[in-house]
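Notes follow once the structure below has been shown.
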C-alpha cells in the first residue's frame with residue numbers, strides 16, 4: 001500500500017504505525033493529520049475511498065465522523081458561552097421552554113453536555129423523515145420523561161446529545177447547529193468539515209464499509225441480550241425505530257444532508273486536527289476557545305460506570321477526557337471518538353491536535369487509532 005503525505009523528522013513512528021494498519025488488513029482507506037504547536041507535523045493518507053469503484057483516498061477526502069461529531073458540537077456551544085449568550089449552568093428550559101416538560105425544567109445545559117440529563121433514549125416512534133426534518137424529533141425529546149433522576153448519574157446520550165445541543169443553538173441564534181459550525185468554526189478556519197453535507201461535496205465522500213452481519217450464534221445471542229429492543233443500551237443506540245443501524249444507509253444522500261449533531265458530521269483528518277489545534281492555540285491567527293473557556297470545558301463532570309454503556313467513561317462539558325478518548329491520551333486531553341474508529345482531540349499540555357478518519361466500520365475495535373496515538377507520544 002502506498003502511503004501519501006509526510007511526517008516531520010522524529011515522527012516516523014506514526015508513519016510506521018499508519019503503514020502497519022494497512023499491512024495488517026485493518027484499513028481500506030484512512031487519513032491521519034496531527035498539528036504540533038499550531039503547525040502540521042503529520043499528514044498521511046492511503047487506500048481506497050470507495051472500494052467498489054476503486055476511487056482512491058485523497059489528501060482532503062471527507063468521511064463520516066459518527067460520534068466524533070459530538071466534539072464539534074461541544075465547540076459550538078462553548079463558542080456561545082464564550083460570547084456571553086449561553087450560560088452552561090442555566091436550565092435548558094430557559095432557552096427552550098418546551099424542554100421543561102416531565103419534570104425537566106431545572107436540568108442545566110451542562111448536564112446535557114456531560115450525559116447527566118437522564119434522557120439518553122427517545123421512545124416515540126418516528127419515520128426517517130421525522131428525524132431528518134429535525135422539528136418532530138426535538139419535540140419528542142422535549143416531551144420525553146427522564147430515564148433516571150437528572151444529575152444522579154451519567155449515561156451516554158448517543159443521539160439525544162446532539163438534538164438537545166442543536167436545539168439550544170437554534171433557540172439562541174436562530175440558526176441550525178450546522179450553519180453555526182460553518183459560520184463560526186469551519187468557515188473561518190477553511191476546514192473541510194460539515195454537519196449537513198453540501199450536495200456539491202457528495203461525490204468526494206469516502207464510502208462507509210459496514211461490518212459484516214454477525215454469524216456466530218453465541219455472539220449474536222450476547223448482542224441481543226445487551227442490545228435488545230427492551231434494554232436501555234438497545235433503546236439508546238437503535239431508537240428511534242432502528243434508524244441508525246451501522247449499515248449501507250450511511251452511504252445515502254439523506255443521511256449526509258441531514259443535521260445530526262451527535263452522529264453525522266463529515267470531515268477530513270486535516271479538518272479535525274486543524275479545528276482542535278485552533279481550540280488550544282492560534283492557527284493562522286484564529287483561536288476558537290480562549291484559555292478560560294477551554295479550562296472550564298475540560299473540568300471533569302462525569303466519571304465512573306456509565307449507566308448506558310456499562311463501562312467506565314469520563315466526560316467534561318461536551319468532551320470526552322483522557323482515557324475515554326484513547327488509552328494513550330494523557331491527562332488534559334479532550335475531544336471525541338466515533339464508531340468505526342474516527343478520533344479528534346487536542347492535548348494543550350503537549351500542544352498536540354490529532355485527527356484520524358477511516359472508512360472501514362469496526363464498531364468496538366479502536367486499535368487502529370490507538371496505535372497512531374501511541375506512536376505520536378513515542379515521537380519527540
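Where a number appears in this text, it was derived from the coordinates with a stated rule and is not lab data. Keep in mind that what you see is a predicted model, and the values were worked out from it rather than measured. Note that we place each Cβ from the backbone using ideal geometry, even for glycine, and neighbour counts take in every protein chain shown.
Structure notes:
- Relative contact order of segment 275-332: 20 percent, from C-alpha pairs under 8 Å at least 6 residues apart in sequence.
- D_trans [Stokes-Einstein, Kirkwood Rh over alpha-carbon pairs] for segment 200-281, 4 °C, 1.567 mPa s, µm² s⁻¹: 83 µm²/s
- Projection of the Cα convex hull of segment 133-200, averaged over all directions and equal to a quarter of that hull's surface, yields 6.2 nm².
- The stretch between residue 143 and residue 8 holds 43.4 nm of extra length on full extension. This uses 0.36 nm per residue minus the Cα-Cα distance.
- Placing a label point 7 Å from the Cα of residue 231 along the Cα-to-Cβ line, the residues of segment 147-184 whose backbone N sits under 18 Å from it are 155-159.
- Extension gain (nm, one decimal) between residue 39 and residue 52, 0.36 nm per residue minus Cα-Cα: 1.2 nm
- Estimated distance in nm for a label pair at residue 284 and residue 377, the labels positioned 7 Å out from Cα along Cα-to-Cβ: 3.1 nm
- Cα pair count fraction exceeding 21 Å, expressed as % - segment 72-162: 30 percent
- By average C-beta atoms within 10 angstrom, highest first, the peptides 104-112, 81-89, 318-326, 33-41: 318-326, 104-112, 33-41, 81-89
- Gain on full stretching of the segment that runs from residue 204 to residue 152 - 0.36 nm per residue minus C-alpha separation: 14.3 nm
- In Å, descending, principal axis extents of the Cα set of segment 33-72: 38, 25, 10
- Debye intensity ratio in log₁₀ form over the Cα atoms of the chain, taken at each q of 0.11 Å⁻¹: -0.71
- Helix-only [θ]222 nm of the chain, DSSP H runs n ≥ 4, -39500 (n - 2.57) each, per residue, nearest 500: -9000 deg cm²/dmol
- Normalised by the number of residues in the chain, the average gap of Cα pairs under 8 Å and 6 or more apart makes the relative contact order 25 percent.
- When each of the peptides 61-69, 134-142, 8-16 is scored by how many other beta carbons lie within 10 Å of its residues on average, the order from highest to lowest is 61-69, 134-142, 8-16.
- Applying D = kT/(6 pi eta Rh) to segment 118-273, where Rh is the Kirkwood radius over alpha-carbon pairs, T corresponds to 4 °C and eta to 1.567 mPa s, the Stokes-Einstein value obtained is 76 µm²/s.
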